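Single-structure report; data block below.
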Amino acid sequence: MTALAMSGDRAVPSAYNEDVVRKFAIATMFWGVVGFLAGTFIAFQLAFPVLNFDLPWLSFGRLRPLHTSAVVFAFGGNALLGTSLYVVQRTCRTTLFGGRALADFLFWGYQFFIVMAALGYVLGVTQAREYAEPEWFVDLWLTLVWVIYLVIFLGTVLMRREPHIYVANWFYLAFIITIAMLHIVNNLALPVSFVGTKSYSLFSGVQDALTQWWYGHNAVGFFLTAGFLGMM
């Protein structure tokens, strides 16, 4: 932001960071196509099992969670991140906190998470936890990216030029903070080795199942509900 335009007695940025919003929009469309094609392919696998090709990385059991996560976290996640950064700038009448470098790290960091998770699905490197399949090292990376997301969003709200905090931003904040809590608690795990991929949950038995679906149902409630309410 280099110049300010005046609207009444409030200063309004003449240039928002629309580059990162545009990148998220493109990624949303790309991952949407990937997710929908994966869903179409596994639907055909149900009718024609020969399409599994006797290859483990193309089996229904591995591609089904790939389809689910591609639609929810890649397609939906990019849509939520992109629209939240668009909305928070305009409703707060300021550009994004942290500048373009931090916003670009958020974008590319999230895409890297998606690619790592997808490779884990097809290679069978997963925790076998519904909606939370990626292993511990992928979870750590997503935690870092999500903290950056929270810093950018909350920092932008705190340095707003608009006295009122629009309701959309409260929905987005609820989505960001709650998903962070759910992700961290549900993925508490002990790696077998810090140079290996395998880990075991800190919870076991009934406690593990309860924690998993505390995560699963609230992920639907806050990722697929609160976040999209903010978007609307």
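Nothing in this text is a laboratory measurement; each read-out follows from the coordinates by a stated rule. Quick caveat: nothing in here was measured; it's all calculated off a predicted structure. Because the Cβ atoms are built from the backbone with ideal geometry, glycine has one as well, and the counts that use them run over all protein chains shown.
Once the Cβ-Cβ distance between Ile184 and Val115 is put in as r, and R0 is 22 Å, what FRET efficiency do you end up with, to the nearest 0.05? Walk me through the numbers on the way to the answer.
On the way: r = 22 Å, r/R0 = 0.99.
With R0 = 22 Å, the Cβ-Cβ based efficiency is 0.50.
Please list 186-195, 170-179, 116-125 highest first by mean number of surrounding beta-carbon atoms within 10 Å per residue. Display every interim value, and only then the final one.
Numbers: 186-195: 13.4, 170-179: 19.9, 116-125: 17.7.
Going by the mean number of other Cβ atoms within 10 Å, highest first, we get 170-179, 116-125, 186-195.
Please give the contour-minus-distance gain from Ala25 to Ala209: 0.36 nm per residue of separation, less the Cα-Cα distance, rounded to one decimal in nm.
Working: separation 184, 0.36 × 184 = 66.24 nm, distance 3.54 nm.
Extending this stretch completely gives an extra 62.7 nm.
Highest first, please rank the peptides 220-227, 198-205 by the mean number of other Cβ atoms sitting within 10 Å of their residues. Walk me through the numbers on the way to the answer.
On the way: 220-227: 17.8, 198-205: 13.1.
The densest-packed peptide leads the list: 220-227, 198-205.
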Report task. Round to the nearest 10 and give me the degree value, 0 to 90, for the angle of helix 99-123's Cα axis relative to the longest principal axis of the chain. Result -> 10
Query - Label-point separation in nm, Phe41 to Tyr200, each point 7 Å along Cα→Cβ - result: 3.4
Query - With Cα atoms, 0 to 90° folded angle of helix 60-69 axis to the chain main axis - result: 10
Report task. Note the angle between two axes, namely the Cα long axis of helix 205-221 and the longest principal axis of the Cα atoms of the chain, as a number of degrees from 0 to 90, rounded to the nearest 10. Result -> 40
Report summary line: Relative contact order as a percentage, the chain, C-alpha pairs under 8 Å and 6+ apart, gives 21
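Counting only C-alpha contacts under 8 Å and six or more residues apart, can you give the relative contact order of the stretch 38-109 as a whole percent?
Numbers: 24 pairs, mean separation 14.8, N = 72.
So the answer I get is 21 percent.
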Report summary line: The simple spin-label model distance between Leu154 and Trp170, using points 7 Å out along Cα→Cβ, in nm, is 1.8
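Could you tally the net charge around Val192, taking each other residue with its Cβ under 11 Å from the Cβ of Val192, Lys/Arg +1 and Asp/Glu -1? Can you show the working numbers first?
Values: positive: Lys198; negative: Glu135.
Neighbour charge sum, excluding Val192 itself: 0.
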Query raised in the report: Which is farthest toward the positive dipole end of the chain among Trp136, Ala189, Leu37, measuring Cα position about the Cα centre, with Cβ charges +1 (Lys, Arg) and -1 (Asp, Glu)?
Result: Leu37
Report task. Please express the Cα-Cα pair-distance distribution P(r) of the stretch 81-206 as a list of whole percents, one per 10 Å bin, running from 0 to the bin with the greatest distance. Result -> 12, 38, 28, 17, 6, 0
